[in-house]
Amino acid sequence: MDEFLIVALAHLLAVISPGPDLAVVLSTASSKGIREGVKTSLGVAIGIGIHVAYCLVGIALLLKSNQALFNVIRTVGSLYLIWLAWNLAKSALSSRKSEDQQISKPTGSGFTKGLVTNVLNPKATLFFLALFTQVVSESTSLGIKLIYGIEMILVTFLWFTLVSILVGNSKIRKAYLKKSWIVDLIFSLVLFGLGVVVLRDIISGI
């Protein structure tokens, strides 16, 4: 029970803290509505499930022991964040569409965007590596570890769904659309900063 509480608290703090997942959910829900925000939230939650899965099958230990492979994965994740930031910034700076056009803009990429953002997030990889190699005991049964994983997936989905509902509210959304390019530009700077920081750490450690 003590271990479960530590895992649950650590994960909750990680989920609610500012990062790529929060940025992509906020941006999607505020610009495209609650439904797309919830799809993005589901993508993020499934991403958490992928992290949990590779930890349970022992890949986490492999990555921890193979620094070169681990750095490759972190580099790919960092470059993805920078790419995402670049595209978000371009969209923000070139956006000249009316409010009605932005609201009716069709999209089906919410789930994929949330999934890829989470899976390739270097911070998430580092977090789960630390969690399953340092906090969770090797003697903890597979069944209990699965419970940890299910709890983290559900909490992630519920938290970001709540965020989507609050930010996707029509009044909040209307206010956002008037200044959406500013918010998107801020999000792009956050994502770019995270990607650069991780790349700097990788280069300095080589």
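Since every read-out is calculated from the coordinates, none of them should be taken as a lab result. Computed from a predicted model, the values in this text were never measured in an experiment. Counting neighbours? That spans all protein chains shown, and the Cβs are built from the backbone with ideal geometry, glycine included.
For GLY33, no residue has an amide H sitting under 5 Å from its own, ignoring neighbours fewer than 5 places away on the same chain, with H placed 1.01 Å from N. Rounded to the nearest whole Hz, the Karplus-based 3J(HN,Hα) values (6.51 cos²θ - 1.76 cosθ + 1.60, θ = phi - 60°) of the range 122-132 follow the sequence x, 5, 5, 4, 4, 4, 6, 4, 5, 4, 8, with x at glycine and proline. Sorting 13-20, 78-85 by their mean Cβ neighbour count within 10 Å, with the most densely packed peptide first, gives 78-85, 13-20.
Peptides 113-123, 155-165 ranked from most to least packed, by the mean per-residue count of other Cβ atoms within 10 Å: 113-123, 155-165.
Modelled spin-label separation between ILE73 and SER94, with each label point placed 7 Å from Cα along the Cα-to-Cβ direction: 3.4 nm.
Given R₀ = 25 Å, what would the calculated FRET efficiency be for THR112 paired with TRP86, taking r from the Cβ atoms and rounding to 0.05? So, using R0 = 25 Å, E works out to roughly 0.90. Here the extension length gained between SER137 and LEU12 equals 43.1 nm, from 0.36 nm per residue of separation less the Cα-Cα distance.
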